[in-house]
Amino acid sequence: MGSAGGGGSGGDDGAVTEPDQVAPAAGAPGALGGTGLTRGWLLAGLAVVVALTPLAFLGPGTDIDVGAVLRSGISIVEDGTYRMSRAPGAPVHETAVGVLHAVGGTLGPNLGSLVAATALVLLLASLLRREGVGRGGLSVAVVVANPWFLASAVSTVDFLWALALWAGAALVLRTRRTLGGAAVAGLLGGLAVGTRASTAVLVAVLALAEALDHRRADRVRGDPTAGSGADAAPDRPIDGPGVDTAIAEHRADAPSPVVRAGIALVVAAAVGLLLFVPGFRAAESSLGFAQNDVPTSSFAVQVGRFVVKDLYFFGPFAAVVLVLCGPAVARVLGRWRSDWLVRVGLLTVVASQLLFLRFPWKMGHLLPTLVGLALLLARALGDRPRLLVALVATQLLYAFVSVTLIRPDTPNAATGGRFTFEVRPGALVTDVRCRADDPDAWEAPTPDRIFAVWDCAKPWAE
């Protein structure tokens, strides 16, 4: 396959080895810290934070569960009792929301989400740099430009909190290849599960991706004594801040990937289970606390909802660009066995999409798909930045302008729909308008007002 997938190099027999494109070292011109982001990207990120901050003052957001999450957090902090916001609970996020609300009202948890979004961006950039992606900033911008990411970044929701902890676990697992590093990764993974229970699937994916890392333990970047051909690591400079880590992680006596993945998974499971003990006890020590109330429909209806919401998560404009990206992504998938970044990106997309097929509910549920896709695109489009730029631009356009192509027959319980063509405000503009119309809806004694805000913010709302 050679370098067709972007950033890779092949042996004489066509086998693909590790990517030979390295981001600037932290001390190199134009790179800051361990993220590999240039000053320009960091200034752009700061501009996004400044632009989003005013939205954090417009109530907790349009998600249907914001009121329940706030009440749960308030109960934890003020009464010392745990009351689930919804099954099976999100004790880490609920507790954090309670503390932040006590400090700053509804603004506090919203700013907490903005911090989580910033942490996720920096962690992804660091992870991409560690995996040898030279255009990490542009790849991360694919995540940031999505309007549902932008809305979640200033709302009282747990999506980005969980993903930031998951990305932290991934980075630790890759940079600290010791038993202690695996345990820390597991701790972060367990906290991610306690923040959002469905993240357990992503933590399992992360452990699987690491366990399948079949690279030779004695391979060191640029080590002339390492293997050769398809098994050899290409010569690369080892002048970055992670040199000692890179060498340590390839020592012959280092724990195997399977052992480290197993430890991380066991620790994550233990921490996650402990965090859900309060919910278990609140439900009279029964598994009833874990039962969800999301119904299923016929297979055709499930698939229909799944496809339409996938389309309107990225938007109709970006969907065209994603089709154009398809061939490059398909080529790079052949490297899934030898390239950790491709493997974890692919498994994350597949797992999150299967989960969404079962629960095609909120747009925010697709944020893990966005992150996994960004990891794949970072490798696939390393030599085609124009497609990445187009994907960023079309998602930003969707934040302000949208085109409704399909209208469901019964919103929230659709069994069919009709084709249409209606130009309307974009996803972020709509979200802001709806939350500004009734920022205190979460405080209403009945759910009618928050349901109205929730319905207002949907892509096909009247």
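Any idea how far apart Arg433 and Phe299 come out in nm if each label point goes 7 Å out from Cα toward Cβ?
Distance between label points: 4.0 nm.
Please compute the net charge surrounding Val157, taking Lys and Arg as +1 and Asp and Glu as -1 over other residues with Cβ under 13 Å from its Cβ.
That sum, taken over residues with Cβ under 13 Å, equals -1.
Semi-axes of the equivalent ellipsoid for segment 60-174, please: Cα gyration tensor eigenvalues, times 5, square-rooted, ordered largest first, whole Å.
Equivalent-ellipsoid dimensions as semi-axes: 29, 15, 11 Å.
In whole Hz and in residue order, list the ³J(HN,Hα) couplings for segment 83-96 that follow from phi through the Karplus curve 6.51 cos²θ - 1.76 cosθ + 1.60, θ = phi - 60°; x for Gly and Pro.
Couplings: 10, 4, 6, 6, 5, x, x, 9, x, 5, 5, 4, 5, 4 Hz.
Which net charge results for the neighbourhood of Ala102, defined as the other residues with beta-carbon distances under 14 angstrom from its beta-carbon, given Lys and Arg at +1 and Asp and Glu at -1?
-2
Between beta-carbons, use under 10 Å as the cut-off and find the net charge around Glu210, counting Lys and Arg +1, Asp and Glu -1.
After counting each charged neighbour, the total is +3.
In nm, what is the difference between 0.36 nm times the number of residues separating Ala102 and Val423 and their Cα-Cα distance?
111.4 nm
Sorted by average packing, counted as other Cβ atoms within 10 angstrom per residue and highest first, what order do 336-347, 122-133, 157-168 take?
So the order, starting with the most tightly packed, is 157-168, 122-133, 336-347.
For segment 109-121, in order, what is each residue's ³J(HN,Hα) by Karplus, 6.51 cos²θ - 1.76 cosθ + 1.60 with θ = phi - 60°, in whole Hz (x at glycine and Pro)?
Karplus-based 3J(HN,Hα) across segment 109-121 equals x, 5, 5, x, 5, 5, 5, 4, 4, 5, 4, 4, 4 Hz.
Using amide H atoms built 1.01 Å from N in the peptide plane, name the residues 5+ places from Ser297, or on other chains, whose amide H lies under 5 Å from its own.
So Ser297 has HN proximity to Gln302.
Would you pull out the residues with amide H under 5 Å of Gly417's amide H, same chain only if 5 or more places away, H placed 1.01 Å from N?
The answer is Asp409.
Under a 5 Å amide H to amide H cut-off, with H placed in plane at 1.01 Å, what residues pair with Ser402 once short-range neighbours are removed?
Residues meeting the amide H criterion: Arg424, Gly426.
Arranged from highest to lowest average of other beta-carbon atoms within 10 Å per residue, in what order do the peptides 254-261, 353-360 appear?
254-261, 353-360
Order of 49-61, 298-310 by packing, highest average Cβ count within 10 Å first?
Final packing ranking: 49-61, 298-310.
Every number in this text was worked out from the coordinates using simple rules, so none of it is lab data. Small disclaimer: the values here were computed from a predicted structure and weren't measured. No Cβ is skipped: glycine too gets one built from the backbone with ideal geometry, and neighbour counts run over all protein chains shown.
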